[in-house]
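Trainee: One structure coming up, written as structure tokens, with questions to follow.
The values are calculated or read from the model by the stated rules, or taken from the named source; none is laboratory data. Predicted model only: the values in this text are computed from it and were never measured. All Cβ positions, glycine included, derive from the backbone under ideal geometry; neighbour counts span all protein chains shown.
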Amino acid sequence: LKEKHKILHQLLQNSTS
Amino acid sequence: NRDPSPTVSLAELDHLVQIISKSHLETCQYLREELQQMSRQNFQQDEVESYQSKPREAMWQLCAVKITEAIQYVVEFAKRIDGFMDLCQNDQIVLLKAGSLEVVFVRMCRVFDSQSNSVYFDGKFAGPDVFKGLGCDDLISSVFDFAKSMCSLHLTEDELALFSAFVLLSADRSWLQEKLQVEKLQQKTQLALQHVLQKNQREHGVLSKLRCKVSALRSLCSRHTEKLSAFRAVYPDIVQTHFPPLYKELFG
């Protein structure tokens with residue numbers, strides 16, 4: 001699932017500002 | 001009406017309310033002050049016609065961009081919910097894939113004007129006729145009806161925040177790996193929502209009305225998926241090359 005949702009995964013990884 | 005879990009104290013519920021409300025306000029796309037300042041200007045007839053005369057694919061692309069922008073704020077909201085980032089990555093993705101658009105529809109009542117049956121879109125307030133070019137009149141009319149009925153509940157920001165979190169943390173989504181963890185979070189959120197509704201002295205029926213909204217949201221989202229599939233069948237290249245990548249990831 002992570003592989004198919006790279007952008008969402010990236011957004012989740014980005015630290016919250 | 002589940003009994004409050006003995007492991008959740010009132011102090012813990014108050015804390016949860018605070019965290020989720022703060023997360024909501026930090027990520028709600030438009031602040032209350034901005035909403036108050038926003039001119040309640042509706043699109044003029046010539047502007048409505050200009051949206052209606054756009055090619056179907058251009059209107060779809062515009063809406064896909066707007067939905068994607070709103071979803072990015074929902075992702076930020078999810079990240080700030082206590083316990084969400086402690087879930088496994090698979091479940092974070094499952095919950096957002098299934099629930100982010102539902103939260104966008106919930107949040108829509110903040111930018112919806114019931115009197116004129118219009119929603120803030122692309123700089124002004126737009127009625128359903130602005131979206132005619134999409135070729136999904138039935139879906140658009142259901143989305144507007146949903147927003148209107150959410151508005152009629154007059155939820156406070158706290159209540160809206162908790163209901164959004166409750167929707168996002170739905171433990172019955174397919175493909176969850178740690179269902180129990182999600183269920184615990186959702187149950188706590190529901191208790192916090194009940195707690196706030198009681199504190200705000202809302203009538204007993206509000207919670208059951210909100211429960212009905214959950215099934216309405218699912219129906220709206222599955223109809224959105226159906227409409228997208230139909231659109232994609234006719235314009236596969238437009239979706240492939242012009243739609244936002246996050247939108248394609250979530251709904252493709």
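Trainee: Just the residues that are within 14 Å of chain A (Cβ to nearest Cβ) and either without any contact (Cβ under 8 Å) to a residue 60 or more places away in the chain or not aliphatic (A, V, I, L, M) (or both), please, taken from the range B:87-108.
Mentor: Once the filter is applied, which keeps residues that are within 14 Å of chain A (Cβ to nearest Cβ) and either without any contact (Cβ under 8 Å) to a residue 60 or more places away in the chain or not aliphatic (A, V, I, L, M) (or both), the range B:87-108 yields B:CYS88, B:GLN89, B:ASN90, B:ASP91, B:GLN92, B:ILE93, B:LYS97, B:GLY99, B:SER100.
Trainee: Also, I was wondering about something else. I'm trying to understand the selection: among the residues of the range B:115-145, which are in contact (Cβ under 8 Å) with a residue 40 or more places away in the chain and under 21 Å from B:GLN29 (Cα atoms)?
Mentor: Passing the criteria: B:SER118, B:TYR120, B:PHE121, B:ASP122, B:LYS124, B:PHE125, B:ALA126, B:GLY127, B:VAL143.
Trainee: Just to be sure I understand the filter: pairs with C-beta atoms under 6 Å, separated by 6 or more residues or on different chains, first member in the range B:224-242 and assigned to a helix (DSSP H, G or I), second member of a type in the set (S, T, N, Q). Which pairs pass?
Mentor: B:HIS242/B:GLN61
Trainee: Also: Take B:LEU96 and tell me if it is buried (at least 19 other Cβ atoms within 10 Å of the Cβ) and either closer than 18 Å to A:GLN13 by Cα or of a type outside the set (A, V, I, L, M, F, W, C) (or both).
Mentor: Numbers: buried (at least 19 other Cβ atoms within 10 Å of the Cβ): yes; either closer than 18 Å to A:GLN13 by Cα or of a type outside the set (A, V, I, L, M, F, W, C) (or both): yes.
So B:LEU96 passes the test.
Trainee: Residue by residue through the range B:153-201, note down the ones that are part of a loop (DSSP other than H, G, I, E, B), among the polar types (S, T, N, Q) and in contact (Cβ under 8 Å) with a residue 12 or more places away in the chain.
Mentor: B:THR156, B:SER170, B:SER174, B:GLN177, B:ASN200
Trainee: State whether one or more residues within the range B:130-141 are in contact with a strand residue (DSSP E or B) (Cβ under 6 Å, 6 or more places away or on another chain), in a loop (DSSP other than H, G, I, E, B) and surrounded by fewer than 20 Cβ atoms within 10 Å (Cβ to Cβ).
Mentor: No, the range B:130-141 has no match at all.
Trainee: Go through the residues of the range B:239-249 one by one and say whether even a single one is touching a Lys or Arg at 6+ places or on another chain (Cβ under 6 Å) and either at pLDDT 95 or above or buried (at least 17 other Cβ atoms within 10 Å of the Cβ) (or both). Lay out the reasoning, then the answer.
Mentor: In the first step, residues of the range B:239-249 are kept if they are touching a Lys or Arg at 6+ places or on another chain (Cβ under 6 Å); the result is B:239.
If we keep only those that are either at pLDDT 95 or above or buried (at least 17 other Cβ atoms within 10 Å of the Cβ) (or both) as well, we get B:239.
Yes, some residue in the range B:239-249 is touching a Lys or Arg at 6+ places or on another chain (Cβ under 6 Å) and either at pLDDT 95 or above or buried (at least 17 other Cβ atoms within 10 Å of the Cβ) (or both).
Per-residue answers, yes or no, for (1) over 21 Å from B:ILE20 (Cβ atoms); (2) touching a Leu at 6+ places or on another chain (Cβ under 6 Å):
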| residue | (1), (2) |
| --- | --- |
| B:ALA126 | yes, no |
| B:LEU139 | yes, no |
| B:GLU178 | no, no |
| B:GLN190 | no, no |
| B:HIS195 | no, yes |
